[in-house]
Amino acid sequence: MSDIGSGDEGISSQKYHGQSMDAGGNNFDSGQQPQEQELATKMLQIQSKRFYLDVKQNRRGRFIKVAEVSIGADGRRSQIFLAMSTAAEFRDHLSSFSDFYSSLGPPNPDNVPDDGKLKSEMMLKDNRRYYLDLKENSRGRFLRVSQTITRGGPRSQVALPAQGMIEFRDALTDLLDDFGIDDGGFKGELPEGRHLRVDNKNFYFDIGQNNRGIYMKVSEVKSNFRTAITVPEKCWTRFRDILADYCDKMCRAHQPADSHQGGPSAPAGGSAGGGAAAGAGAGGAGAGGAHPPAPLASTETVGAPHRI
């Protein structure tokens with residue numbers, strides 16, 4: 001089967017009908033994101049394919065979804081996701097690939113590389129790699145754009161007929177002119193890490209950011225044992241509310257027990273003497289120097305040093 005229109009790399013269940021596109025729930029990670037917004041869309045028909053370029057936005061920033069749909073009964077489709085800055089880099093590569101394609105002359109079946117590749121480039125964005133390969137086979141020349149995730153995951157690709165590279169580049173340029181090349185997302189300074197020691201345990205709170213957004217990593221360290229959880233920023237408030245609710249409930253649960261800690265009352269006849277003795281005891285403690293208070297069970301520091 002030709003690389004053009006292979007379409008078996010699609011990773012979404014959405015369907016396109018005619019020139020309309022289901023906004024759906026795809027985000028830059030191909031996952032579901034209810035707050036996603038579609039800002040603009042363009043449709044190109046190049047040979048027997050339709051290409052949809054959708055500018056989308058969610059809490060992580062803006063990106064462009066490129067979908068390839070084969071025209072025909074099967075309607076095979078595949079798609080890739082580009083951050084705005086990556087889309088701008090891709091646009092520039094399209095110009096150089098188009099210039100190279102123009103210089104090739106007519107196809108020559110006797111002078112084609114074994115793998116069919118005529119020119120290749122690679123783009124890197126966060127944990128994604130994009131491979132751009134201008135290829136040639138029996139059906140013609142085309143640009144294959146493959147998206148892979150370094151930590152593993154589905155591989156997706158689109159194949160753009162070489163004759164349509166300029167038209168595709170111009171459509172991409174129009175979207176970038178309208179929405180810019182800024183990926184969006186948080187660009188401020190993240191809070192400093194914190195450290196809490198409780199008995200023989202250490203807890204570390206670290207704020208980080210990746211292509212999925214801002215998160216808090218809570219690590220528990222004890223001797224050679226270490227475990228951690230990651231809490232996305234979007235649920236910090238809810239996480240805090242649940243913890244506060246448990247604190248309130250445990251505080252109320254301890255109150256009845258605390259009310260019985262005073263012991264039985266002294267007899268009425270000995271109350272004065274008992275009071276004097278207590279006063280003398282208190283005075284003696286004051287004169288002789290009171291015992292230092294017991295240390296707190298936990299300590300907290302800000303900006304903890306490097307740790308395992």
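Could you tell me the relative contact order of the stretch 78-199? Use alpha-carbon pairs under 8 Å, at least six residues apart, and round to a whole percent.
Here the relative contact order equals 27 percent.
Where nothing but the Cβ of Lys and Arg (+1) and of Asp and Glu (-1) is charged, how large is the charge dipole of the stretch 143-252 around its Cα centre, in debye to the nearest 20?
940
Give the percent of DSSP beta bridges with both residues in the stretch 124-259 that are antiparallel, rounded to the nearest 5.
Values: 40 of 40 bridges.
Expressed as a percentage, antiparallel bridges in the stretch 124-259 total about 100.
According to the Kirkwood expression over distinct Cα-Cα pairs, how big is the hydrodynamic radius of the stretch 90-174, in Å? Write out the running numbers ahead of the final one.
Numbers: mean 1/r = 0.0731 Å⁻¹.
This gives a value of 13.7 Å.
Work out the length of the dipole vector of the stretch 90-138 about its Cα centre, built from +1 on the beta-carbon of each Lys and Arg and -1 on the beta-carbon of each Asp and Glu, and round it to the nearest 20 debye. Please list the in-between numbers first.
Numbers: 7 positive and 9 negative charges, 56 e Å.
With Lys and Arg at +1 and Asp and Glu at -1, about 280 debye.
Which of the lysines could a cross-linker bridge to residue 56, judged by Cα under 24 Å and excluding same-chain residues fewer than eight apart?
15, 42, 65, 125, 187, 234
Arrange the peptides 38-46, 134-142 so that the one whose residues have, on average, the most other Cβ atoms within 10 Å appears first.
Result, highest mean first: 134-142, 38-46.
Near residue 117, which lysines are there with a Cα under 20 Å away, not counting those fewer than 8 places off in the same chain?
Residue 117 reaches 135.
What's the magnitude of the charge dipole for the stretch 45-150 around its Cα centre, counting Lys and Arg as +1 and Asp and Glu as -1 at the beta-carbon? Answer in Debye, nearest 20.
Values: 19 positive and 13 negative charges, 138 e Å.
Around 660 debye, computed over the stretch 45-150.
Throughout, read-outs are computed from the coordinates displayed, never taken from laboratory work. Please read these numbers as outputs of a predicted model, since none were measured by experiment. No Cβ is skipped: glycine too gets one built from the backbone with ideal geometry, and neighbour counts run over all protein chains shown.
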